[in-house]
Amino acid sequence: MGTAGGGGGAGALRLPGLHGYAVEFSPYWPGRVACAAAQYYGIAGCGTLVVLEQNETGIVLLRSFDWNDGLFDVTWSENNEHVLITSSGDGSLQIWDAAKAKGPLQVYKEHTQEAYSVDWSQTRGEQLVVSGSWDQTAKLWDPAVGKSLCTFKGHEGVIYSTIWSPHIPGCFASASGDQTLRIWDVKAPGVKLVIPAHQAEILSCDWCKYDENLLVTGAVDCSLKGWDLRNIRQPVFVLLGHTYAIRRVKFSPFHATLLASCSYDFTVRFWDFSKPNPLLETVEHHTEFTCGLDLSLHNRGQCAAVHSGSRREQELQSAAEGSLLCRGSNTVSFVIPTGKDIIKIMQDGFSQIYWHIFIGLISFFSLALLFLLPFALVLVPHNIFCEYIL
């Protein structure tokens, strides 16, 4: 199904026909990751969940599962090392068991548009999952129950990211195309806090692992902003350097002030917001939109990244090797290249939705033109062309 390469500090697995959207390290197995992918940039076709592992020889494909629509996000169970949940373009969530060859175990279908984000609660005493959708709602799930427990409404745009607080039980954040970051409590009926975080669509958010009041957002305006929930009038930090929309941001599980981000500018960047010059390293080994990013909970400085398209051949370098975040460690980068290169970089202000629509329309009209041209040549009178020539 794919080819793997490894050795040194980096590796790659190539799966033809797929575009990677999300990647997440296993909380149980060092070096093991899950990746959610889709065909045709998620506009049409199927999706695939792949489970990968790094060993001495490189990156190994342990298991793959297919779904009838694109997969946009993935999260590992917090109480079973083999169980994962994915979110899909058909609005459904799928539960998979990586120890079994077939699946899914269960399917939850309630969102009316693409389910773009899913996250499993990390706090003890609860086994809850939250999903975010382009239908502008977030839903709360118990994997043991066949339907959602609650639906959270309030966003006025598509929801790109939903993530649980690692500190406060029952509390999660959501980031949306309506330019707001919102904080929710599953025990309360409405939104707890609304933060007008950017003047552009917000594509990602994450909680600091060492401060229950600190979150970071990444947006189409190319900036990262830190927010203290006790005082939301101004961000506590602003990080600039990306040249196109920021697709994913993650706080380090080992350092309170370090974080990583990936962008449609093809780069992964590492930051320390406590320093006067916060940008630690820019990694430019990707050749397409970098959509997925995660940092290992087991190996200090180990990073996984995945992108949505590709070149025919690609050699990976050690991501951020020598930076403060990754010094003395091996950094793994999982890349899913395929298909033709996208003609040009996403322009400023384009959200993921508009880019997908743009690519879809170009493909549709190109195919329609190729299909109709022979009929047009037959039906048009030949004397018209002759008179024009004469």
Problem set entry | Checking T257 against (1) at pLDDT 95 or above; (2) within 17 Å of the chain's Cα centre (by Cα); (3) of a type in the set (S, T, Y), the condition it does not meet | (2)
Exercise. Which of the residues spanning the range 216-251 are out of contact with any Asp or Glu (no Cβ under 8 Å at 6 or more places or on another chain) and among the β-branched types (V, I, T)?
Worked result: T217, I232, V238, I246
For this session: Answer yes or no: is there a residue in the range 133-141 that is free of Cβ contacts under 8 Å to residues at least 40 places away in the same chain and in contact with a Leu (Cβ under 9 Å, 6 or more places away or on another chain).
Result: yes
Problem set entry | strands (runs of 3 or more DSSP E) enclosed by the range 170-286 - at least 2 residues per element that are open to solvent by 50 Å² or more (accessible area, probe 1.4 Å) | 191-195, 237-240, 279-283
Seminar exercise, completed: Among the residues of the range 287-306, the number that are more than 17 Å from A37 (Cβ to Cβ) and in a strand (DSSP E or B) is 2
Exercise. Only one residue in K139, K187 is modelled with pLDDT of 95 or more and of a type outside the set (D, E), so which one is that?
Worked result: K139
For this session: Return the total of residues in the range 142-169 being free of Cβ contacts under 8 Å to residues at least 12 places away in the same chain and crowded, with 23+ Cβ neighbours inside 10 Å.
Result: 0
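Let's see how each residue does on (1) at pLDDT 95 or above; (2) under 25 Å from D69 (Cβ atoms):
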{"position": "E126", "(1), (2)": "no, no"}
{"position": "S133", "(1), (2)": "yes, yes"}
{"position": "S148", "(1), (2)": "yes, yes"}
{"position": "T151", "(1), (2)": "yes, yes"}
{"position": "C171", "(1), (2)": "yes, no"}
{"position": "K209", "(1), (2)": "yes, no"}
For this session: Return the total of residues in the range 138-176 being of a type in the set (S, T, N, Q), over 16 Å from the mean Cα position of the chain (by Cα) and under 21 Å from V216 (Cα atoms).
Result: 1
Exercise. Does R233 satisfy being closer than 19 Å to W134 by Cα and not acidic (D, E)?
Worked result: no
Exercise. So which residues in the range 289-301 are open to solvent by less than 10 Å² (accessible area, probe 1.4 Å) and polar (S, T, N, Q)?
Worked result: T290, S296
For this session: Look at the range 61-115 and say how many of its residues are charged (D, E, K, R), under 16 Å from V51 (Cα atoms) and in contact with a Ser or Thr (Cβ under 9 Å, 6 or more places away or on another chain).
Result: 3
For this session: Within the range 66-113, track down each residue that is among the hydrophobic types (A, V, I, L, M, F, W, C) and over 21 Å from the mean Cα position of the chain (by Cα).
Result: A99, A101, L105
Exercise. Hey, does the range 44-58 have a residue that's touching a residue at least 24 places away in the same chain (Cβ under 8 Å), in a loop (DSSP other than H, G, I, E, B) and buried (at least 21 other Cβ atoms within 10 Å of the Cβ)?
Worked result: no
Exercise. Restricting attention to the range 7-29, and to residues there that are at pLDDT 90 or above and out of contact with any Gly (no Cβ under 9 Å at 6 or more places or on another chain), which single residue is nearest to A305 (Cα to Cα)?
Worked result: S26
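The values are calculated or read from the model by the stated rules, or taken from the named source; none is laboratory data. Since the structure is predicted, the reported quantities are computational estimates derived from the model, not experimental observations. Quick reminder, even Gly has a Cβ in these numbers, built from the backbone with ideal geometry, and neighbours come from all protein chains shown. All accessible areas refer to the heavy atoms of the entire protein, side chains included, with ligands and DNA or RNA removed. Shrake-Rupley method; radii C 1.70, N 1.55, O 1.52, S 1.80 Å.
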